[in-house]
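Enquirer: To start, I am sharing the structure in question, which I have written as structure tokens.
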Amino acid sequence: MATTTVEQLRQQVQGRMTVPGDQGYDEARAVYNAMIDRRPAVVVHAANADDVIAGVDYAREAGIDLAVRGGGHSVPGFGTCDDGVVIDLSGMRGVQVDAAAGTAKAEGGATWGDFNDATYPFGLATTGGIISTTGVAGLTLGGGIGYLARGHGLSCDNLVSADVVTADGRLLVASEQEHPDLFWAIRGGGGNFGVVTSLEFQLHTVKDIYGGPMFFELSEVENILSFFRDYIADAPEAMGAFPAFQIAPPLPFIPEDRHGDTFIAMVACWAGPLEEGEQALKPFHDVAPVVAEFVGPMPYPALNSAFDGLVPPGLQHYWKANFVKELSDEAIAAHRVHGPDVPAVNSTVHIYPINGAAHRVAPDATAFVHRDANFATVIAGMWPDPAQNDANIAWVRDYYDATAPHSEEGGYINFMASDDQGRIRANYGANYDRLVEVKRAYDPGNLFHLNQNIAP
């Protein structure tokens, strides 16, 4: 029996609280993936860590589900639940920069857009994602793959400390000095160990970059992918680039008669000296004729937000992913068969390189274990029309089935679907048993189970 009533909880929290019947309840319960339709009993719109503690205590005492929503991009819909508590951190989006120390601290609901807006004026950045509306906390807890990973490591490699509300309602600092076991686990172990209410990062000198998207004909798929495999193995680490299958959106730099056509694209981010950018991108221009491109010097946040418009809230989502050590000819052939069938302009397939600086971290130094993988692939099915769900889910699954034999068993947890719980041990790899030990220490009752779950 809960010792706190809903009304008592409402009095405890400084932020808003929404329950069924309240004005705005449907908005409060909506999540990024429109396939997910849940009706929580309580949504706590946290204003601070005390509100988070109150929400955690209430869910634990009531014995009901607890969902945590940070930036809100969870494709499996882990940021909501039926008849339980949702802690919504979207009101906690502050970012403070200490330029002298080269660090920044972000609240748990901040997005990478918020983060970049704060750090860019100082000419500083750290590894974020590919979409600026992605949450800082969610991306980092799962590892954190982005444009700057080859040069500066994963997001979790740049984490200095974090404030974490644990299942027993304590607010802990996790760092190399304090609760180092918890600090180890949250760098790749996802949301299994608590609610992260703030994160402090090491920053790097990155302001303006040279890059952007380049579109090539589908006839060049094997050429582009085999070139990329060989090129990126020892490319300068300032180069963050990835190939993608993409339907051309109606943008001015793409010839109008090619709008809606499918291409093999290359998205480049040269974070070295700007004057070297044109030469740095020359290999991409030399490999095949470019049909259209939007390439040049631009602020790093401009590239980091360039594709936001393709992935607004309210789409249908179904994703699959694997790590890849070697982008073999057989894997490339599978991409050649399935990639051109990308079903909507919102859908895409990306092959992210995760070598360079990310390889210089030992596999047991953080919970992110797959340090021998060279690529992280994602088949991101995203489309607006629910009537297309069956066909488009089948495209994702067929594509995955064709590429999985040429990939590692495990994949990046931030790209996993809700039906991937059977892959948990492979996704966490050799670090799984140690993660279970940390889970037992900080969440023995598995209060935080709405995630890619590590059972205690």
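The values are calculated or read from the model by the stated rules, or taken from the named source; none is laboratory data. Worth saying up front: this structure is predicted, and the values here are computed from it rather than measured. Every residue, glycine among them, receives a Cβ derived from its backbone with ideal geometry; neighbour counts consider all protein chains shown. The protein model used for the area step is the full one, side chains on, heavy atoms only, and it has no ligands, DNA or RNA in it. Shrake-Rupley method; radii C 1.70, N 1.55, O 1.52, S 1.80 Å.
Enquirer: Let's test the formula: R0 of 60 Å, r as the Cβ-Cβ distance of Glu437 and Asp261. What FRET efficiency results, to the nearest 0.05? Show your work: numbers first, answer last.
Expert: Details: r = 52 Å, r/R0 = 0.86.
Once rounded, the FRET efficiency stands at 0.70.
Enquirer: For the Cα atoms of the chain, what angle does the longest principal axis make with the long axis of helix 221-233, in degrees from 0 to 90, nearest 10?
Expert: The angle comes out at about 70 degrees.
Enquirer: Need the full-extension length gain, Lys207 to Leu251, defined as separation in residues times 0.36 nm minus the C-alpha distance. One decimal, nm. Show your work: numbers first, answer last.
Expert: On the way: separation 44, 0.36 × 44 = 15.84 nm, distance 2.52 nm.
Using 0.36 nm per residue and subtracting the Cα-Cα distance, I get 13.3 nm.
Enquirer: If you roll a 1.4 Å probe over the range 1-158 with all protein chains in place, what percent of the accessible area is carbon or sulfur?
Expert: Result for the range 1-158: 47 percent of the exposed heavy-atom area is carbon or sulfur.
Enquirer: With everything on Cα atoms, drop me the angle between helix 329-338 and the longest principal axis of the chain, reported from 0 to 90° to the nearest 10.
Expert: 80
Enquirer: Still on this structure, I have one more. Just to be sure I understand: if I project the alpha-carbon convex hull of the chain onto a plane and average over all orientations, what area do I get in nm²?
Expert: Values: hull surface 82.4 nm².
Spelled out: convex hull of the Cα atoms, projected over all directions, averaged, 20.6 nm².
Enquirer: Also, I was wondering about something else. Probe 1.4 Å, all protein chains in place: accessible area of His285 in Å², nearest 10?
Expert: Spelled out: His285, probe radius 1.4 Å, area about 70 Å².
Enquirer: Next question. How large a share of the accessible area of the range 165-307, in percent, is made up of carbon and sulfur atoms when the probe is 1.4 Å and the other protein chains stay in place?
Expert: Within the range 165-307, the accessible surface is 53 percent carbon and sulfur.
Enquirer: Sticking with this structure for a sec: Please state the shape class of the range 234-333: rounded when a/c is under 1.5, otherwise prolate if a/b exceeds b/c and oblate if not, all from the C-alpha gyration tensor.
Expert: Values: a/c = 1.37, a/b = 1.11, b/c = 1.23.
Rounded, because the longest to shortest axis ratio a/c is under 1.5.
Enquirer: Let me ask another. Using a basic spin-label model with each label point 7 Å from the Cα along Cα→Cβ, how many nm lie between Asp390 and Ala426?
Expert: 2.7
Enquirer: In addition: Let me know the Kirkwood hydrodynamic radius for the range 155-196, please, with Cα pairs as the basis and the value in Å to one decimal.
Expert: Values: mean 1/r = 0.0991 Å⁻¹.
Across the range 155-196, the inverse of the average 1/r is 10.1 Å.
Enquirer: Per residue, how many Å² of accessible area does the chain show with a 1.4 Å probe?
Expert: Values: 17040 Å² over 456 residues.
Per residue, the chain has 37 Å² of solvent-accessible surface.
Enquirer: Kirkwood hydrodynamic radius for the range 309-357: how many Å is it when counted over pairs of different Cα atoms?
Expert: On the way: mean 1/r = 0.0761 Å⁻¹.
The Cα-based Kirkwood calculation yields 13.1 Å.
Enquirer: Pull out the extension gain between Thr5 and Ala101, defined as 0.36 nm times the separation in residues minus the alpha carbon to alpha carbon distance; nm, one decimal. Before the final figure, lay out each step's value.
Expert: Numbers: separation 96, 0.36 × 96 = 34.56 nm, distance 4.44 nm.
Result for the pair: 30.1 nm of gain on full extension.
Enquirer: Moving on. Aspartates and glutamates within cross-link reach of Lys207: Cα-Cα under 14 Å, excluding same-chain residues under 8 positions apart?
Expert: Asp117, Glu275
Enquirer: Suppose a student asked you for the relative contact order of the chain, using Cα pairs under 8 Å spaced at least 6 residues apart; what percent would you report?
Expert: Contact order relative to length: 16 percent.
Enquirer: Still on this model: Which value in deg cm²/dmol, rounded to the nearest 500, describes the helix-derived mean residue ellipticity at 222 nm for the chain, given -39,500 (n - 2.57) per DSSP H run of n ≥ 4 and division by the residue count? Present the calculation step by step, with values, prior to reporting the outcome.
Expert: Values: 15 runs with 120 residues, N = 456.
Computed mean residue ellipticity for the chain: -7000 deg cm²/dmol.
Enquirer: Set the Förster distance to 30 Å, then compute FRET efficiency between Ala404 and Arg39 from the Cβ-Cβ distance, nearest 0.05. Show your work: numbers first, answer last.
Expert: Working: r = 35 Å, r/R0 = 1.17.
Once the sixth-power term is evaluated, E becomes 0.30.
Enquirer: Sticking with this structure for a sec: Show the residues, 5+ positions off or on another chain, whose built amide H is closer than 5 Å to the amide H of Gly72.
Expert: Close amide H contacts, sequence-distant or interchain: Gly135.
Enquirer: Also, quick follow-up: For the range 363-456, what % of the accessible area comes from carbon and sulfur atoms, probe 1.4 Å?
Expert: Here carbon and sulfur together make up 49 percent of the probe-accessible area.
Enquirer: Another question, if that's okay. Tell me, how many Å apart are the Cα centres for the range 225-269 and for the range 169-208?
Expert: Between the Cα centre of the range 225-269 and that of the range 169-208, the gap is 33 Å.
Enquirer: Taking H placed 1.01 Å from N in the peptide plane, check which residues at least 5 places from Val291 or on another chain put their amide H under 5 Å from its amide H.
Expert: When sequence neighbours closer than 5 places are left aside, the close amide H contacts are Phe215, Phe216, Glu217.
Enquirer: I want to check the label-to-label distance for Glu61 and Asn446. Put each point 7 Å from Cα in the C-beta direction and report it in nm to one decimal.
Expert: Using points 7 Å along Cα→Cβ, the separation is 2.5 nm.
Enquirer: Using Cα atoms only, what is the angle between the long axis of helix 389-403 and the major principal axis of the chain, expressed in degrees (0 to 90) to the nearest 10?
Expert: So the inclination is approximately 70 degrees.
Enquirer: Need the C-alpha centroid separation for the range 288-327 versus the range 38-102, integer Å.
Expert: Their Cα centres are 28 Å away from one another.
Enquirer: Can you pick out the pairs among Lys282/Lys320; Lys282/Lys325; Lys105/Lys282; Lys105/Lys325; Lys105/Lys320 whose Cα atoms lie more than 28 Å from each other?
Expert: On the way: Lys282/Lys320 32 Å; Lys282/Lys325 26 Å; Lys105/Lys282 37 Å; Lys105/Lys325 33 Å; Lys105/Lys320 31 Å.
The answer is Lys282/Lys320; Lys105/Lys282; Lys105/Lys325; Lys105/Lys320.
Enquirer: Leaving ligands, DNA and RNA out of it, work out the accessible area of Lys320 with a 1.4 Å probe and give it in Å² to the nearest 10.
Expert: Around 20 Å² of this residue is reachable by solvent.
Enquirer: Using 0.36 nm times the number of residues separating Asp329 and Phe122, minus their current alpha carbon distance, what extension gain do you get? Walk me through the numbers before you get to the answer.
Expert: Values: separation 207, 0.36 × 207 = 74.52 nm, distance 4.35 nm.
Computed gain between Asp329 and Phe122 is 70.2 nm.
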